[in-house]
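The structure appears right after this line, and notes come after that.
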Amino acid sequence: TQTSTHTPTSTRTPTFTHTPEPPPTATSLPCVTYRDVYPSQFFYRAVDWLTCRHIVSGYDDNTFRPYNPATRAQILKMVVLGEEWDLYDPGQPTFSDVAPQDWFYLYVETAFHQGIVSGYEDGTFRPYNNTTRAQMVKLVVLGFNKPIVTPTWGNQTFTDVPTSLPFFSVIETAAAEEIVSGYTCGRPGATGDPQQHPCFQPNSKRTSAQLGKTS
């Protein structure tokens, strides 16, 4: 009985030419070194500026964690320190979920005293809630006392921020002051062809890095 044996003749070995690049090396800021903040990042200078003025600080492991969501308490701390307001202690907490032992207590009370924030109908402030882009802009505009800009109907800057939106005027003010910019978004045109329009994405969540750059 004959037995057929097949011997492969190809000795080719797959070759992979892509070599992953190493992560960038953190460069010391004038006031501190964050292990996760690099000169190539768009927020590098902003984080530098805020750190030197003690408006922001990192974590015990020398990280800044720039892509963590920003909370209501965090943004108030930045606005209050940036405005150099005297910290206000009412003696009794204004909100049921903001206690005197909380690190953000005086910042929340000061912002409330200055009239730039209010709580919810149930008497809470919800300091750990993530901040949306629209909420962030409102706090910055009111905190830094920018003159409110209200364009006429049809002249709004962003296609996804109609005049009926509660944040319309503060977003337009922030855009006029060049505090924020929008995104380029595609939307079908009248003929079905995609067109590019400026949008703001008011309900998207903000990160610590974006918050720092805005402030």
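Computed values, structure above
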read-out	value
Heavy-atom SASA rank of H197, H113, H54 (probe 1.4 Å, accessible area, largest first)	H54, H113, H197
Around V108: net Lys/Arg minus Asp/Glu count, Cβ-Cβ under 13 Å	-1
Of the GluC sites (Glu not before Pro) in segment 79-173, those whose Cβ has at most 15 other Cβ within 10 Å and which sit in DSSP loop	E84, E121
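The values are calculated or read from the model by the stated rules, or taken from the named source; none is laboratory data. The structure displayed is predicted, hence computed values, not measured ones. Methodologically, a virtual Cβ is constructed for each residue, glycine included, from the backbone with ideal geometry; neighbour enumeration extends over all protein chains shown. Quick note on the areas: whole protein, heavy atoms, side chains included, nothing else; ligands and nucleic acids left out. Shrake-Rupley method; radii C 1.70, N 1.55, O 1.52, S 1.80 Å.
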